[in-house]
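Taking it in order: structure first as structure tokens, then the write-up.
The values are calculated or read from the model by the stated rules, or taken from the named source; none is laboratory data. Please read all numbers here as calculations on a predicted model, not as lab measurements. Backbone-built Cβ (ideal geometry, glycine too); neighbour counts: all protein chains shown. For the accessible areas, the whole protein counts, side chains as well, though only heavy atoms, and no ligand, DNA or RNA atoms are used. Shrake-Rupley method; radii C 1.70, N 1.55, O 1.52, S 1.80 Å.
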Amino acid sequence: MADQYTFQDPTTQYPDPDIDKQQQGGPGLAEDMDPQPDHGEQSYRGTGRLEGRKALITGADSGIGRAVAIAYAREGADVVLSYLPEEEEDAQQVVELVEKAGRKAVTVPGDLKDRDYCRALVAKAVSELGGLDVLVNVAGKQQFHEDITEISDEQFDDTLKTNVYALFWLVKAAVPHLTPGSSIINTSSIQAYSPAPILVDYATTKAAINTFSKALAQQLAPKGIRVNVVAPGPVWTPLQVAGGQPPEKLPSFGEQTPLGRPAQPAELAPPYVFLASQESSYVTGETLAVTGGMPTP
Ligand code: NAD
Ligand code: MG
């Protein structure tokens, strides 16, 4: 059976999914998506690139974060999984996959908008894993609105808190524990460069994440800590069906990319593995675009 290691045409590697209009509330669950995303459950092959590493992954229950958790475990890392309490079902599926790979999975549900949770999350990761050497910030909030007057002050605050403040709080808490060789990997978006008119608050945070990371990378380089970013294009995840996109746009989701289809979360895991592994020793302050060919500066 062809998988992600088989030489093939990337435009047809995954079928352009026949995505019916669908909608979920809250953060959304991978479990309730149709079609089901591919997180690499059946395909990701580890090659020992993260042997013995200790990783904290936010948004690890679903989507890109789940694909990263599976890949990291199969590469030999123990992982701490952060997610919202209402995503427990999704998170338990990830725990099962990590344990099947023979690695440790520690669940720490909570709300990243809460500074105390962010601090406690890092502390728990350090105590449960016996240290920390990879911080992967994948969690994010995206809610579309056609008009600026529809963005409530509360939403603006929540988007900034989840996507930017949490990043600050987590990095600040983690850095004292990170030894030379460690990596911080953040998650931006094509939206940082080509902002959609319906994602004013979200797109703003994604540009902030890029800039934050480029400044921080220079600051932490002398300590031997690398900071990089992955900027995905359209990826088939709960974020998009839980208010990230208007439902009527979902059937054509990702078709605007040069490759003509959305990504599956499984296609995002390898860049996160690369940026954590020593293979990327001379890469820091970089944003790696995984956009299906949508141009970035
Ligand atoms: P996803 O819904 O699977 O993941 C987002 C996760 O963020 C959720 O699972 C949830 O656990 C976490 N989260 C949200 N608010 C939180 C809070 N207050 N506290 C704790 N956790 C919270 O969707 P995804 O697409 O895999 O998103 C992962 C990242 O990828 C996000 O940063 C998103 O902005 C980015 N991204 C996604 C796309 C895409 O098309 N799906 C494109 C570009 C960037
Ligand atoms: Mg989720």
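Share of carbon and sulfur in the accessible area of the chain stands at 53%, probe radius 1.4 Å. Since only A71, Y165, S281 are under comparison, the one whose Cα sits farthest along the positive direction of the charge dipole of the chain, derived from C-beta charges on Lys, Arg, Asp and Glu, is S281.
How much net charge surrounds W236 when only other residues with a Cβ under 11 Å from its Cβ are counted (Lys, Arg +1; Asp, Glu -1)? Don't skip to the answer; put the middle values down first.
Working: positive: R261; negative: D16, D34, D38, E267.
Taking every Cβ under 11 Å from that of W236, the sum is -3.
Proximity of backbone amide H atoms, modeled 1.01 Å from N, is registered between F253 and no other residue at under 5 Å, excluding neighbours fewer than 5 places apart on the same chain.
Only bridges whose two residues both fall in the range 178-297 count here: according to DSSP, what percent of them are antiparallel, nearest 5? Working shown, then result.
Details: 0 of 10 bridges.
Of the beta bridges lying entirely in the range 178-297, close to 0 percent run antiparallel.
Annotation: amide H of A289 within the under-5 Å range of A231, sequence separation 5 or more or interchain, hydrogens built in the peptide plane.
The string of couplings for the range 257-266 from the Karplus curve (6.51, -1.76, 1.60, θ = phi - 60°) is 6, x, 7, x, 7, x, 7, 9, x, 4 Hz, one whole number per residue in order, with x for Gly and Pro.
Less than 5 angstrom separates the built amide H of A263 from those of V235, W236, all sequence-distant by 5 or more or on a different chain.
3J(HN,Hα) couplings calculated from phi for the range 285-295 with the Karplus curve 6.51 cos²θ - 1.76 cosθ + 1.60 (θ = phi - 60°) are, in sequence order, x, 9, 10, 8, 7, 10, 10, x, x, 5, x Hz; Gly and Pro show x.
Do the sum for the chain: with -39,500 (n - 2.57) for every DSSP H run of n ≥ 4, divided by all residues, what is the mean residue ellipticity at 222 nm, to the nearest 500 deg cm²/dmol? Display every interim value, and only then the final one.
Working: 7 runs with 86 residues, N = 297.
-9000 deg cm²/dmol, from helical runs alone.
Whole-Hz Karplus values for the range 215-223 come out as 5, 5, 4, 5, 5, 8, 4, x, 7 Hz, taken residue by residue from phi with 6.51 cos²θ - 1.76 cosθ + 1.60 and θ = phi - 60°; glycine and proline positions read x.
Springs between alpha-carbon atoms under 10 Å, Gaussian network over the chain: tell me which of K54, K21, K206 tops the mean-square fluctuations. Among K54, K21, K206, the largest mean-square fluctuation in the Gaussian network model of the chain belongs to K21. Cα centroids of the range 252-275 and the range 37-53: 17 Å apart. What you get for the chain, charging only the Cβ of Lys and Arg (+1) and of Asp and Glu (-1), is a dipole of about 1560 debye around the Cα centre. State which entries of K104/K223; K21/K172; K104/K172; K124/K223; K21/K124; K54/K214 exceed 31 angstrom in Cα-Cα distance in the structure shown. Long pairs (Cα-Cα over 31 Å): K21/K172; K21/K124. Note on the chain: with a GNM built from Cα contacts shorter than 10 Å, the maximum mean-square fluctuation among P270, P232, P222 falls on P222. Comparing Q143, Q245, Q256 in a Gaussian network model of the chain, where Cα atoms under 10 Å apart are tied by springs, the biggest mean-square fluctuation is seen for Q256. Distance from the C-alpha centroid of the range 21-36 to that of the range 276-291: 31 Å, rounded to the whole angstrom. Dipole magnitude for the range 139-297: about 720 debye, using +1 per Lys or Arg Cβ and -1 per Asp or Glu Cβ, origin at the Cα centre. In the range 4-115, Cα pairs under 8 Å separated by at least six residues give a relative contact order of 22 percent. The heavy atoms of T179 present about 80 square angstrom of accessible area, all protein chains included, probe 1.4 Å.
Hey, which aspartates and glutamates would be in cross-link range of K100, C-alpha to C-alpha under 14 Å, not counting anything within fewer than 8 residues on its own chain? Answer for K100, where 14 Å is the Cα cut-off: E41, E75, D78, listed by chain and number.
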